Amino acid sequence: MKNVVRYPDLRLRKVSPPLTIEEIHAVGDGRVPGDIAYEAVQLLATKGDGVAIAANQAGSELRFFAIDRQKADGDVEGSQLPTVVCNPTIVNASTEMIEELEGCLSFPGMFFKVKRHTWVDVQFSYSSDVYVNTIGRQVIKANDMRLTGFWARVFQHETEHLDGKTFVDNLPHKKRMQIANELRIRLQKMGW
Ligand SMILES: [Zn+2]
């Protein structure tokens, strides 16, 4: 199995363009062995502390992220999200921000406090949103949802990945320099 793409790999800097209907079909629901969403879901499952993974962290330029639905157990908002979230979009966000500790599979063992909106109104699609309408054309239905707390944070973190950013981009310049130094040391010591 492949590995999670680690910072500062340039693939994490790529902006993933919106998926077409055909691509949403191709991405599927993460249950077809061999497809990229399946690989992303498997990759996430092997990382016990990961809640979600963006496609570019699995080496794909497709605009989706996968969540570990088992970690949404009992959480209403989390369990309303599909395993594979295509074309995630934030359409509105709270002015209120909250700072909490965050981790990222592309930065193993590193955690930083990041300010995020306390709630976000989101839109997204998933494979079974693609259907044929009455005039025989394939269309996509976008889901609308308000997320708060933990899943609002996850959605913001993952959507940011698909826009070519990572959570350290939210940190002050000085802190980012410290992180770059720490990564250099790790790289020399253990081939990060
Ligand atoms: Zn991440």
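The values are calculated or read from the model by the stated rules, or taken from the named source; none is laboratory data. Nothing here was measured: the structure is a model prediction, and the numbers come from that model. We place every Cβ from the backbone using ideal geometry, glycine too, and count neighbours over all the protein chains shown.
Would you check which residues across the stretch 43-67 are more than 16 Å from residue 102 (Cα to Cα) and not polar (S, T, N, Q) and list them? Within the stretch 43-67, 43, 44, 45, 55, 58, 59, 61, 62, 63, 64, 65, 66 qualify.
Please work out if residue 149 is touching a residue at least 40 places away in the same chain (Cβ under 8 Å), of a type in the set (Gly, Ala, Ser) and within 15 Å of the ligand (Cβ to nearest atom). Taking the combined requirement at face value, the residue does not satisfy it. Just one of (1) within 16 Å of the ligand (Cβ to nearest atom); (2) free of Cβ contacts under 8 Å to residues at least 24 places away in the same chain fails for residue 177. It is (1). Just so you know, in the stretch 40-49 the residues that are at pLDDT 90 or above and within 13 Å of the ligand (Cβ to nearest atom) include one that is nearest to residue 26 (Cα to Cα), and it is 40. When the stretch 119-138 is filtered for residues that are outside any strand (DSSP E or B) and aromatic (Phe, Trp, Tyr), only 126 remains.
Only one of the numbered conditions (1) without any contact (Cβ under 8 Å) to a residue 12 or more places away in the chain; (2) over 20 Å from residue 145 (Cα atoms); (3) not hydrophobic (A, V, I, L, M, F, W, C) is not met by residue 46, and that is (1).
Picking from residues in the stretch 68-109 that are within 17 Å of the chain's Cα centre (by Cα), aliphatic (A, V, I, L, M) and surrounded by fewer than 18 Cβ atoms within 10 Å (Cβ to Cβ), the one that is nearest to the ligand (Cβ to nearest atom) is 101.
Scanning the stretch 1-43 for residues that are without any contact (Cβ under 8 Å) to a residue 40 or more places away in the chain and among the hydroxyl-bearing types (Ser, Thr, Tyr), we see that the one that is surrounded by the fewest Cβ atoms within 10 Å (Cβ to Cβ) is 20. Only one of the numbered conditions (1) part of a loop (DSSP other than H, G, I, E, B); (2) free of Cβ contacts under 8 Å to residues at least 12 places away in the same chain; (3) within 16 Å of the ligand (Cβ to nearest atom) is not met by residue 164, and that is (2). Please find, within the stretch 110-139, the residue that is nearest to residue 158 (Cα to Cα) out of those that are among the hydrophobic types (A, V, I, L, M, F, W, C) and within 16 Å of the ligand (Cβ to nearest atom). Restricting to residues being among the hydrophobic types (A, V, I, L, M, F, W, C) and within 16 Å of the ligand (Cβ to nearest atom), the top hit is 114.
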